[in-house]
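Written below as structure tokens is the structure these notes are about.
The values are calculated or read from the model by the stated rules, or taken from the named source; none is laboratory data. Not measured: the values here are computed from a predicted model. Cβ sites come from the backbone with ideal geometry, for glycine too, and all protein chains shown count toward neighbours.
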């Protein structure tokens, strides 16, 4: 045996569970899971790694059953880990029904609506449009290789 | 009663009346088409209804397959 440099897998999962706080700006007031939402963005937007929080800029216009801020994701599965990867995925698809997109859209922002709408991740896909229809975003397999959020 | 075509896992169902940008419309008066596109990142299935060439209904069922992981290398770049 020999020592090996590594970020501990348990720590990665604990990050997803909000266990550690290296700073002094802890805003957590309770022990329950936060509420996470997904919002859809026009292909003309500029979301990416620099996105820090939800914004309505370049979000789809609120029409039909698409409301500003998007939809809450179902969080029925706690973060877990396998091998050296911690991961989490919403436990159900996210669906918007009976709406017409205000333009071509190709991105979804996952953000924490409990913690001041802070951004988590931006997911892009092929440009889509919807006309008086339904957009269903089905989640990837919740495992260490495919989960929506993975810390590897 | 929904007038939205739903993806049932194998294909789109076919409601008699379809919700369109012009209101509810009999499906038999509309031209229906559907399709799928798949790559390493997603599987996208769509259904469209046209009236005189105009798209009056479009629904999309998109499955995310692979998204970027936050890696230790990425964390190192932040420090």
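Quick notes on this structure:
- Scope the range A:114-133; condition over 18 Å from the mean Cα position of the chain (by Cα) and at negative phi; matching residues: A:127, A:128, A:129, A:130, A:131, A:133
- Annotation note: of A:46, A:81, the sole residue that is at pLDDT 90 or above, surrounded by fewer than 21 Cβ atoms within 10 Å (Cβ to Cβ) and not in a loop (DSSP other than H, G, I, E, B) is A:81.
- The one condition from (1) more than 30 Å from residue A:15 (Cα to Cα); (2) within 9 Å of another protein chain (Cβ to nearest Cβ); (3) in contact (Cβ under 8 Å) with a residue 60 or more places away in the chain that residue A:87 does not meet is (1).
Results for (1) touching a residue at least 24 places away in the same chain (Cβ under 8 Å); (2) in contact with a strand residue (DSSP E or B) (Cβ under 9 Å, 6 or more places away or on another chain), shown as yes or no for each residue.
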position	(1), (2)
A:12	yes, yes
A:18	no, no
A:21	no, no
A:32	no, no
A:45	yes, yes
A:50	no, no
A:58	no, yes
A:64	yes, yes
A:76	no, no
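- Matching residues, the range A:117-134, being at pLDDT below 95 and more than 7 Å from every other protein chain (Cβ to nearest Cβ): A:117, A:118, A:119, A:120, A:121, A:122, A:124
- A single entry from A:66, A:87 fulfils the requirement of being modelled with pLDDT under 95 and surrounded by 21 or more Cβ atoms within 10 Å (Cβ to Cβ): A:87.
- Flag if residue B:40 is within 12 Å of chain A (Cβ to nearest Cβ), surrounded by fewer than 17 Cβ atoms within 10 Å (Cβ to Cβ) and either within 15 Å of the chain's Cα centre (by Cα) or modelled with pLDDT under 95 (or both): yes
- Filtering the range A:90-105 to residues that are in a loop (DSSP other than H, G, I, E, B) and more than 20 Å from the chain's Cα centre (by Cα) leaves A:100, A:101, A:102, A:103, A:104.
- Test: residue in the range B:53-65 that is modelled with pLDDT under 95, within 8 Å of another protein chain (Cβ to nearest Cβ), within 30 Å of residue A:84 (Cβ to Cβ) and in a loop (DSSP other than H, G, I, E, B): yes
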